[in-house]
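The structure appears right after this line, and notes come after that.
The values are calculated or read from the model by the stated rules, or taken from the named source; none is laboratory data. Just so it is clear, the model here is predicted, and its values are computed rather than measured. All Cβ positions, even for glycine, are placed from backbone atoms using ideal geometry, and neighbour counts span all protein chains on display. Just the protein is used for accessible areas: all its heavy atoms, side chains included, with ligands, DNA and RNA removed. Shrake-Rupley method; radii C 1.70, N 1.55, O 1.52, S 1.80 Å.
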Amino acid sequence: VIISAHLNPDGDALGSVAACAYLLQHLGKEVVLYSVSGVPDFLRFLKLPAPLVTDLAHLPFTPEQALLVALGQFHRIGGDLERLAPTLPRVNIDHHEGEGVGTLATWVEPQAAACAQLVAYVALDLGIELQGELARAIGLGLVTDTGGFVHANTSAEVFDLAALLLRGGLDMAALREEIESNIRHERFVLWGELSSHVEFYRDGQIAICAVSQHMLAKAHADREDLEGFVEYLRRLRGVKLSAIVREDAPQSCKFSLRSQPAF
């Protein structure tokens, strides 16, 4: 089985991929992980249970099935797996509405806070205890997608699951330290630059920052160093909606949006 999520994985995507690999290995399956963009620098602390490849030329076996998590459209895989995945029998697990890219099964639960939450339920249904590196992978997804248990998606079910992880021995404080106390100098410089380019609209209710390729190059930063900046803008007093507009190529930009729940 080849396991993948969207390219440029965040904590939930990578945590879900790793957790799924632990489950499949428990069931006696041979697995390989795929990410065309590799593992982001800020997530390198996470131990992976299987090899992660960035292209199909270095697979340890010929995949018979694909497990696609935190993925709603094939184009978000990227690389050569984007072309191979549609030809394989597939299971798809996600907590965002998408195209439903599974053939064997598609399980989408929009009310779930994180894809890792769903993977945890699979583990529990299989009778696998949420301990060790499996618990760390699931915890990473939960912490990431709930903003450290403060976003509006932090439900009672999220806290129930977090309690299970803690009872299983997960050191949540240490995990959050690894996630949050991991800022590169380049990110620090970039955020300082971006802070002087934020524009406000609607009496300060909307904060928008445009991020050019030149600004990234000037700070010797990359896309990963933008992680968290749109949430940072949302925390400014009076701001109800924040956005960053990242230039990826000439005439091609990506929006990241955050807002208050009622806005």
Suppose we keep just the DSSP beta bridges with both residues in the chain; what percent of those would be antiparallel, to 5? 35 percent
For a quick check: with amide H placed at 1.01 Å from N, whose amide H comes under 5 Å from Val53's, ignoring anything fewer than 5 positions away on the same chain? Leu33, Tyr34, Ser35
Integer Hz, Karplus 6.51/-1.76/1.60 couplings in order for region 97-112, x for Gly and Pro: 5, x, 7, x, 8, x, 10, 6, 6, 10, 10, 10, 10, x, 7, 6
Compute and list, largest first, the equivalent-ellipsoid semi-axes of region 71-133 from the alpha carbon gyration tensor, each √(5λ) rounded to a whole angstrom. 24, 14, 11
Taking protein heavy atoms only, a 1.4 Å probe, and rounding to whole percent, the accessible area of the chain owed to carbon and sulfur comes out at 52 percent
Give me Rg/Rg_expected for region 125-241, where Rg uses Cα atoms only and Rg_expected = 2.2 N^0.38 Å with N residues. 1.32
Positive-pole candidate from Val17, Gly228, Ala137, dipole of the chain, charges at beta carbon: Gly228
Rounded to whole angstroms and listed largest first, the alpha-carbon spread of region 208-263 along its three principal axes comes to 35, 22, 15
In terms of modelled amide H atoms, which long-range or inter-chain residues lie less than 5 Å from the amide H of Gln65? Ile2
Student exercise, the chain dipole from Lys, Arg, Asp, Glu Cβ charges, in Debye to nearest 20: 440 debye
Accessible surface, per residue, of the chain when the full set of protein chains is kept, probe 1.4 Å, Å²: 50 Å²
Note the per residue figure in Å³ for the convex hull of the C-alpha positions in region 1-152. 104 Å³
³J(HN,Hα) across region 29-44 via Karplus (A = 6.51, B = -1.76, C = 1.60, θ = phi - 60°), whole Hz, x for Gly/Pro? 8, 8, 10, 9, 9, 10, 8, 4, 9, x, 9, x, 4, 6, 10, 5
Would you work out which of Asn182, Phe61, Leu88 lies farthest towards the positive end of the dipole of the chain, given +1 charges on the beta-carbon of Lys and Arg and -1 on that of Asp and Glu, about the Cα centre? Asn182
extent check for the chain: Cα max minus min per principal axis, descending, whole Å, gives 56, 41, 33
Which ³J(HN,Hα) values, rounded to whole Hz and listed in residue order, are derived for region 188-198 from phi using the Karplus coefficients 6.51, -1.76 and 1.60 in 6.51 cos²θ - 1.76 cosθ + 1.60 with θ = phi - 60°, glycine and proline given as x? 4, 5, 4, 5, x, 5, 5, 4, 8, 10, 6
Using +1 at the Cβ of each Lys and Arg and -1 at the Cβ of each Asp and Glu in region 194-263, identify which of Cys209, Leu241, Ala219 lies farthest towards the dipole's positive end. Leu241
